[in-house]
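The values are calculated or read from the model by the stated rules, or taken from the named source; none is laboratory data. Since this is a predicted model, take the numbers as computed values, not measurements. Backbone-built Cβ (ideal geometry, glycine too); neighbour counts: all protein chains shown. Remember, those area values only see protein heavy atoms, side chains included, never the ligands or the DNA or RNA. Shrake-Rupley method; radii C 1.70, N 1.55, O 1.52, S 1.80 Å.
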Amino acid sequence: MTIARSFVIAAAAAAALQAGTAQAAMKTQWIDYKQGDTQLSGYLIYDDAVQGKQPAVLMEHDRSGLSEDSLKDAMLIAKLGYVVFAEDIFGKGVVPKSVPEMTELITIYNNDRPLMRARTLAGFDVLKAQPMVDPGKLVAVGYCFGGTVGIELIETGAPLLGFVSVHGSFRNFAPEAAKNIKGRVLILHGAEDAVAPMEELNAVISQFRAAKVDFEVNLYSGTTHGFTHPQNPSEVRADAQYKVAMARFLKDLLGQ
């Protein structure tokens, strides 16, 4: 074996080892914080093998709260190369177990938008304060109920480069608030979504157009609400395609 070939093999082995070490270095931790008098607890994921400030994503959970599925969504995003903070809207330890309980919880915040905004801004502040986070490279991603939360967040004028809505819902936004959006918006939506039908999607698009928001919509045919838990072949396709679209959007805004 030549010296040159030995060097190449050794370098490849070192690179593989380094990649394995970096993957093994993914850290998770719960962070307690407050909004007013309410105790909250969010889930932080980051790779401590990465040096320097990193781009980050604030994840808005769906109606299940910080459930096992929500934490899996957060890890999916983190593995794209970002610090992720899955913020807590419902309160520390509040993970609804039934659909009626979920509906009751999200109704509280859907009917009290100032509370929703205060709750999401509290989590945003926690993410910005993390020592490994570059505060100039922040994006939010919201699933289902988190789609509403995320739009309320960006309509406060929060300094986000963008927001991704994954089968989000779009009711009762203040039409004039869209003018406060500073970043880009990507909406990934099922064409047959009865929870957030096309009429609601078209209404929020009209608000974005009037405010000259930089937005994009990917509409998936044959796809209902919650397509990240696919129930038919069209939703299997949508589940795969949304991940590609989200990764591309995040890379455009944040790099990695």
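Worth a mention:
- Some residue of segment 26-44 being at pLDDT 95 or above, open to solvent by less than 60 Å² (accessible area, probe 1.4 Å), within 19 Å of L250 (Cβ to Cβ) and under 19 Å from the mean Cα position of the chain (by Cα): yes
- Going through (1) charged (D, E, K, R); (2) over 15 Å from G183 (Cβ atoms); (3) surrounded by 17 or more Cβ atoms within 10 Å (Cβ to Cβ) one by one, E155 falls short only on (2).
- Tally, over segment 24-73, of residues that are within 18 Å of V133 (Cα to Cα) and hydroxyl-bearing (S, T, Y): 4
- Filtered residues of segment 54-98 (kept if free of Cβ contacts under 8 Å to residues at least 12 places away in the same chain and assigned to a helix (DSSP H, G or I)): E68, K72
- Of residues in segment 213-256 being of a type in the set (D, E, K, R) and open to solvent by 50 Å² or more (accessible area, probe 1.4 Å), the one farthest from the chain's Cα centre (by Cα): R237
- Qualifying residue in segment 148-155 (condition: over 23 Å from F124 (Cα atoms) and modelled with pLDDT of 95 or more): no
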